[in-house]
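Peer 1: Please read through the structure below; I'll follow up with questions.
The values are calculated or read from the model by the stated rules, or taken from the named source; none is laboratory data. From a predicted model like this one, the values you see are computed outputs, not experimental measurements. Here Cβ is always computed from backbone atoms with ideal geometry, including for glycine, and neighbour counts include all displayed protein chains. Accessible surface areas use protein heavy atoms only, side chains included; no ligands, DNA or RNA. Shrake-Rupley method; radii C 1.70, N 1.55, O 1.52, S 1.80 Å.
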4 protein chains.
Amino acid sequence: MNFASDNTAGISPEILAAIADANEGAAASYGADPITARLEAKLAEIFEHEVAVFPVATGTAANALALAAVTPPWGAVLCHPLAHITCDEANAPEFYTGGAKLVSVPGADGKLVADDLAALLPGDLGNVHHAQPAAVSLTQATECGTVYRPAEIAAIADVAHRHGLAVHMDGARFANAMVHLDASPAELTWRAGVDVLSLGATKNGALGAEAIVFFDVQRGRELAFRRKRAGHLFSKMRFLSAQLDAYVTNDLWRRNARHANAAATQLAGGLSVLPGVSLRHPVEANELFVEMPEAMIVGLFAAGGQFYRWQGAASTCVRLVTAWNTAASDVATFVDAASRLAAH
Amino acid sequence: MNFASDNTAGISPEILAAIADANEGAAASYGADPITARLEAKLAEIFEHEVAVFPVATGTAANALALAAVTPPWGAVLCHPLAHITCDEANAPEFYTGGAKLVSVPGADGKLVADDLAALLPGDLGNVHHAQPAAVSLTQATECGTVYRPAEIAAIADVAHRHGLAVHMDGARFANAMVHLDASPAELTWRAGVDVLSLGATKNGALGAEAIVFFDVQRGRELAFRRKRAGHLFSKMRFLSAQLDAYVTNDLWRRNARHANAAATQLAGGLSVLPGVSLRHPVEANELFVEMPEAMIVGLFAAGGQFYRWQGAASTCVRLVTAWNTAASDVATFVDAASRLAAH
Amino acid sequence: MNFASDNTAGISPEILAAIADANEGAAASYGADPITARLEAKLAEIFEHEVAVFPVATGTAANALALAAVTPPWGAVLCHPLAHITCDEANAPEFYTGGAKLVSVPGADGKLVADDLAALLPGDLGNVHHAQPAAVSLTQATECGTVYRPAEIAAIADVAHRHGLAVHMDGARFANAMVHLDASPAELTWRAGVDVLSLGATKNGALGAEAIVFFDVQRGRELAFRRKRAGHLFSKMRFLSAQLDAYVTNDLWRRNARHANAAATQLAGGLSVLPGVSLRHPVEANELFVEMPEAMIVGLFAAGGQFYRWQGAASTCVRLVTAWNTAASDVATFVDAASRLAAH
Amino acid sequence: MNFASDNTAGISPEILAAIADANEGAAASYGADPITARLEAKLAEIFEHEVAVFPVATGTAANALALAAVTPPWGAVLCHPLAHITCDEANAPEFYTGGAKLVSVPGADGKLVADDLAALLPGDLGNVHHAQPAAVSLTQATECGTVYRPAEIAAIADVAHRHGLAVHMDGARFANAMVHLDASPAELTWRAGVDVLSLGATKNGALGAEAIVFFDVQRGRELAFRRKRAGHLFSKMRFLSAQLDAYVTNDLWRRNARHANAAATQLAGGLSVLPGVSLRHPVEANELFVEMPEAMIVGLFAAGGQFYRWQGAASTCVRLVTAWNTAASDVATFVDAASRLAAH
């Protein structure tokens, strides 16, 4: 019953097989191999747009490099106060941008709201004493397990672009959002105004693979240099590209995400009806934030449940994360245990 | 006949199997898994010394993080002018250290010489106008395919330590050096005065795995923060650790390195006897630098040989690199082709 | 009627004279001159403590260098959301620290509150995913024109030190706070737990001179390197040191600050009794934040008043700043104009 | 007899008077004052070209900011191995550029040679593994006391521009070069292809004032942000601008430079005829590098001469620097002392 994180799950069999397949023979290094070339072509087709694609191995690298490409050192990135980039990356965006500032813009359910951004801008733009707003970063699905609708993204992007800011999407759980909305990759990105996407695969079945996807190819021109000087250019790049290639082939990303989302929905359904239990946010992806009685939390830990209290050791809100391979039996066992604890 | 680089070779079967084995079940993320714990213990045993181990995925990351741990932003790293850190990492050490300077100290066959360092130090130490020498970095095996003897390392380390400098070893081809000398890991590192080692596995059979190994555990205390903020902390760390674990298990690193070195020796033997052909450096690891007639270079390319001219499109020195899986038949075919071309 | 800022005022005559005096003959450069030596001795006496003193020319440099000395790149500086370091320095602290984060801790009247800090700490200390709280920075006098009492500073410092954080004081208006409290320099700094002080002189009569003052001399050991590599080491240092020396000689800093504070008090007294006018914060130094009717603001601008609306072009709160040389007649004229406008 | 450096000299009376004059009344801060506006207009006239001017207080700041404006973090700056930016700024260019590399290109008498640059370029341009040459920096007058002719600059700039590199001139002693050549400011800068100039005044009579001068105004667009976030934007900017304004008014810069150059010529003439004494470089500005017998060096120190041995405590080459106010009697006394020592 491991609901600690989707990154405690292993590698999807199709992706592991793709790594093994890619291991045939020698291949040009540093991305000059055919798998990497094929990946960029495939993503262009899937996203229905010219793209510049840069595979890296971690989500933090993808986010920090993407943000650095659109934010000068004296810039500011507007993001939700719960955003991974500001909470969980140990100042990686500050490092990669050369010292930019992350500015929090609160919003319900982990979402930025276009009107709130509009109220802030142009703000200090042009005033040399202040950090210059340069980018908006939104997380899809959000850190609260909710999902931005295309219209919400478009409204945010519209405000951003009107003031010259770029729009970055942290898509660590992009596929989970996509299947929830039954939207196309294009609808959730460039059609809604996203300029650069961190397309995550690691949490949804890869060993360690994320793609930085620029829809404005020119804007990504320098990324190759940034990636190399950060030590994120793999010599055996084919193995990153093979993961990503398998990920978007035969709908694997959608299948894995649907599995995880369904498990989350099943958990939510089973828990939310229990007395004293409530969901803090709508469950739209593969994360649940559940308020529950302290005794239930303690009991679930005792029953072997693996999960975290959300923001603090004394919190009675727990986070449950499902994965591409979460067993239905684990969900059922967990809900049963909670039910028994509720009945006490 | 791919002698372009050892990073064009794929994954050693034992390492691929280890990745698959590590894929069983869930595992705690970010290095809290049992494989990572086991790896550190195993390396401590192998190196016969307490160690702090930080797996990362690329050699550039390993070098840049290790150097940043021992060099302040106003510092200087003394290294050979051909060192990978100064030639081939696109300013990664400068990025990670926050702006330190790499100072070249020339030496024959890619090696730093203790006396040359001694002549430079203390130099500007303490003078606020100048970069402060903070570390010496040596590459084992060197960029010229030669190997430092333990006594050479010890002499360099002695000079460094006398002046308060740390000693870093870029061990991208550490195993190749080790088997050439038939020396123990300890003899080539802490016993000779090395403070921190970038232990490479990628070039010698891994998918992408290197270990930063601190022999002074205290000195590595901050590395965990540095690695995370650089985006080099893998969420599914077990798959990096599994590669490294397999790499040092059952002598795989030595077996792979012996294979590569033997192929290089075979190539050297076959080529060096040809008229107009000479070796620029002794062949002590898995790289050859071969002066040859222009017609031979052109002919070898035409015959399907893959390799690079060394430092410039007009150079008549070529670099040949062998790998853990270089086929003896490829070596033979290459030597034969060269022989025929020499006979013209 | 210039109340725009205390930095629109010129140089105090005593300080200009000191620059001229220092111009006699040649002097060793980069701080090896006798005036710089004398300054450090004098500040040690005034602060009743061993100090390491580093003169620089701007407040932003003083703050950013001081913070960099006590905060690693993966660190966080806790400060008030109105702090100059986070609002008005265009990411200088992020630049100098190599990418640390400034974390806002709100509090009434521009002040941090010890209990709020205690509630945050230890927080994420030790967790590699999060910025590591490394310093608390407080501004004396605050950005709201209020003043920390020694006991307030001591309570904050106590929390900070208990968790290993350093305490930095941005003393851009240190003298204004000192004379308001009639406290000694020691009482407001090291005796209350301050580790490093940015001692401002520019706003209070210097051409451009601030001293970074370390009470823990060891902690400042690297500052000389940091200052030089930032381009803040003056070759003709004697002229910075002469300004600071004159500033703390014959009580000039106190006299100038008393003058400015008195003018602020006079302004506050005259304005606060007018209908529709209120003070947003207590007036304890040389800044007033005054809510007033829009018509009064417009009228005062029309009458030649120079000042800023506070945080936004539509704001009906204005900031008035007095200086070491504010003319009593300007204050009277301004109050008279406001009175007439109030009477309409 | 202080020939230690031109920065041991004080402030030129005209410049000190200008500071005092600028002290009348209040003035808008941060460069919005009329003196700063006037300075930019005056420099445009003097340089016969549209310019963007950014006053700062130190030469290191001017150089590091200017280089950062034209060099990305993954870039390289080509410069002479003796250049101040690489030898004497404690990694400031690396800091300000975010980690660029300074690449030494040797040349006689402290000068870069166009053909040597041409041989290096395009070099690694476009190859992601290597630092990308982005700028050439030349020092006028050089660190050897020699002076680039306009044609030499133009040849260098031509190579640079052909490959997309910017041309920076470190003009710490620009006036000394200008008067030696009797050339116009335009001839030595934009007409010869210089894109950005660090125009020094400090060594030639200012308290501390340098101007970053962009001839391509667009290229300087971001400098205002860079300067502020580095803490180099003076609140009381008028006092920097007043120094620079006085410096270029009534030919002061030329008069001061002529005085210093003449003193150097006089020294060179007197010393070079002595037995055992020789000049290492032509004397074209205000610096001499003089090989002399050890006994003469010791004797001159004993006689009260202040100067440095050049590059090392054991060197028998000494550097003598004259200044805007070097007394003819000091030169005569020094030469006399040397003559007597030579006669022994």
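Peer 1: Run the label-point distances for A:G126 please: 7 Å along Cα to Cβ, every other copy, nanometres, shortest first.
Peer 2: Relative to the other copies, A:G126 has label-point distances of 4.0, 5.1, 5.4 nm.
Peer 1: Taking a point 7 Å out from Cα toward Cβ as the label site, list the nm distances between D:A151 and the same residue in every other copy, smallest first.
Peer 2: 5.8, 7.3, 8.1
Peer 1: May I ask you to evaluate 6.51 cos²θ - 1.76 cosθ + 1.60, the Karplus curve with θ = phi - 60°, for each residue of the range C:16-29 and list the ³J(HN,Hα) values in order in whole Hz, giving x for glycine and proline?
Peer 2: For the range C:16-29, the Karplus curve yields 4, 5, 5, 4, 4, 4, 5, 7, 6, x, 7, 8, 4, 8 Hz.
Peer 1: Report, as a whole number in µm² per second, the diffusion coefficient that Stokes-Einstein gives for the protein assembly as shown at 10 °C and 1.306 mPa s using the Kirkwood radius over alpha carbon pairs.
Peer 2: 47
Peer 1: Counting C-alpha atoms alone, how compact is the range A:23-107: give Rg to one decimal and Dmax as a whole number, in angstrom.
Peer 2: 16.3, 51
Peer 1: Continuing with the same structure: In peptide A:15-22, what is the residue-averaged number of other protein chain Cβ atoms found within 10 Å of each Cβ?
Peer 2: Numbers: counts 1, 5, 1, 0, 7, 7, 0, 3.
Partner-chain Cβ atoms within 10 Å, mean over residues of A:15-22: 3.
Peer 1: Further, regarding this structure: For chain B, what's the relative contact order in percent, using C-alpha pairs closer than 8 Å and at least 6 residues apart?
Peer 2: Computed value for chain B: 24 percent relative contact order.
Peer 1: Another one. Dipole of the protein assembly as shown, Cα-centred, from +1 at each Lys and Arg C-beta and -1 at each Asp and Glu C-beta, to the nearest 20 debye?
Peer 2: In total the dipole reaches around 0 debye.
Peer 1: Residue-wise, which Karplus ³J(HN,Hα) couplings in Hz belong to the range D:92-98, taking 6.51 cos²θ - 1.76 cosθ + 1.60, θ = phi - 60°, and x for glycine or proline?
Peer 2: 4, x, 4, 4, 6, 7, x
Peer 1: Something else about it: Quote the FRET efficiency, to the nearest 0.05, computed for C:D158 versus A:F301 with a Förster distance R0 of 25 Å and r equal to the Cβ-Cβ distance.
Peer 2: Numbers: r = 35 Å, r/R0 = 1.40.
It comes out at approximately 0.10.
Peer 1: Considering only DSSP beta bridges with both partners in the protein assembly as shown, what is the antiparallel share in %, to the nearest 5? Mind showing how you got there, number by number?
Peer 2: Details: 76 of 148 bridges.
Just about 50 percent of them are antiparallel.
Peer 1: Also: For chain D, set up a Gaussian network in which alpha carbons nearer than 10 Å are linked by springs, and say which option among D:P150, D:P13, D:P72 fluctuates the most.
Peer 2: D:P13
Peer 1: Give the whole-number value, in cubic angstrom per residue, of the convex hull volume spanned by the C-alpha atoms of the range D:13-251.
Peer 2: 110
Peer 1: Could I ask something else about it? Once every DSSP H run of n ≥ 4 in the protein assembly as shown is given -39500 (n - 2.57) and the sum is divided by its residues, what mean residue ellipticity at 222 nm do you get, rounded to the nearest 500 deg cm²/dmol?
Peer 2: -12000 deg cm²/dmol
Peer 1: Moving to a separate point now. For the interface of chains A and C, what total accessible area is buried with a 1.4 Å probe, rounded to the nearest 100 Å²?
Peer 2: Buried area (both sides, nearest 100 Å²): 1300 Å².
Peer 1: Please list log₁₀ I(q)/I(0) at q = 0.11, 0.13, 0.20 Å⁻¹ for the range D:220-297, using the Debye equation with identical point scatterers on the alpha-carbon positions.
Peer 2: -0.56, -0.67, -0.87
Peer 1: What does the charge count around D:N91 come to, taking other residues whose C-beta lies under 10 Å from its C-beta (Lys +1, Arg +1, Asp -1, Glu -1)?
Peer 2: On the way: positive: B:K101, C:K228, C:R229; negative: B:E94, D:E89, D:E94.
Around D:N91, the charge tally is 0.
Peer 1: Give me the Å³ per residue figure for the convex hull around the C-alpha atoms of the range C:175-304. Don't skip to the answer; put the middle values down first.
Peer 2: Working: hull volume 20.6 nm³, N = 130.
It comes to 159 Å³ per residue, whole-number rounded.
Peer 1: State, as an integer percentage, the relative contact order of the range D:225-336 based on alpha-carbon contacts under 8 Å between residues 6 or more apart. Don't skip to the answer; put the middle values down first.
Peer 2: On the way: 125 pairs, mean separation 29.6, N = 112.
Relative contact order comes out at 26 percent.
Peer 1: Mind checking which of D:S29, D:S184, D:S198 has the largest fluctuation in a GNM of chain D, springs on alpha carbons under 10 Å?
Peer 2: Looking only at D:S29, D:S184, D:S198, the biggest GNM fluctuation is shown by D:S29.
Peer 1: Let me ask something else. Mind checking which lysines have their C-alpha under 23 Å from A:K228, skipping anything on the same chain fewer than 8 residues away?
Peer 2: Qualifying lysines at Cα under 23 Å: A:K236, B:K101, B:K203, B:K228, B:K236, D:K101.
Peer 1: Still on this structure: Take every residue in peptide C:234-242, count the Cβ atoms of other chains within 10 Å of its Cβ, and give the average of those counts.
Peer 2: Going residue by residue through C:234-242 and averaging, the value is 5.
Peer 1: Give me the net charge for the shell around A:L252: Cβ to Cβ below 12 angstrom, other residues only, Lys and Arg +1, Asp and Glu -1. All intermediate terms of the calculation are to be shown ahead of the outcome.
Peer 2: On the way: positive: A:R254, A:R255, A:R258; negative: A:E14, A:D245, A:D251.
Surrounding charge for A:L252 is 0.
Peer 1: Continuing with the same structure: Taking each residue of C:123-136 in turn, how many C-beta atoms of other protein chains fall within 10 Å of its C-beta, and what is the average?
Peer 2: Mean inter-chain Cβ contacts per residue within 10 Å come to 4.
Peer 1: Same structure, new question: By average Cβ neighbour count within 10 Å, what is the ranking of A:151-164, A:234-247, C:328-341 from highest down?
Peer 2: Peptide ranking by packing, descending: A:234-247, A:151-164, C:328-341.
Peer 1: Smallest Cβ-to-axis distance in chain B, for the rotation taking B to A: which residue, how many Å?
Peer 2: Measuring from each Cβ to the axis, the minimum is at B:A57, 3.
Peer 1: Compute the label-point distances linking D:D216 to its equivalents in the other copies; points lie 7 Å from Cα along Cα→Cβ; give nm, one decimal, shortest first.
Peer 2: 2.1, 4.5, 4.7
Peer 1: I want to verify the translational diffusion coefficient of the range D:252-342 in µm²/s; compute it with Stokes-Einstein, Rh as the Kirkwood radius over Cα pairs, at 25 °C and 0.890 mPa s. Each step should come with its number before you reach the end.
Peer 2: Details: Rh = 13.1 Å.
Using the Kirkwood radius from Cα pairs, D works out to 188 µm²/s.
Peer 1: Moving to a separate point now. Could you give the accessible area per residue of chain A, probe 1.4 Å, as a whole number in Å²?
Peer 2: Here the per-residue accessible area is 31 Å².
Peer 1: So for the range B:13-251, taking the charge dipole from beta-carbon charges (+1 Lys/Arg, -1 Asp/Glu), which of B:V196, B:G220, B:G231 sits furthest toward the positive end?
Peer 2: The one lying farthest along the dipole's positive direction is B:G231.
Peer 1: Now for a separate question. List residues of the range D:216-248, by number, whose backbone nitrogen lies under 11 Å from a label position 7 Å along Cα→C-beta of D:R38.
Peer 2: D:242-243, D:245-246
Peer 1: I've got another one for you. Once you place label points 7 Å from the Cα toward the Cβ at B:E222 and C:D216, how far apart are they in nm?
Peer 2: Simple spin-label model gives 1.4 nm for this pair.
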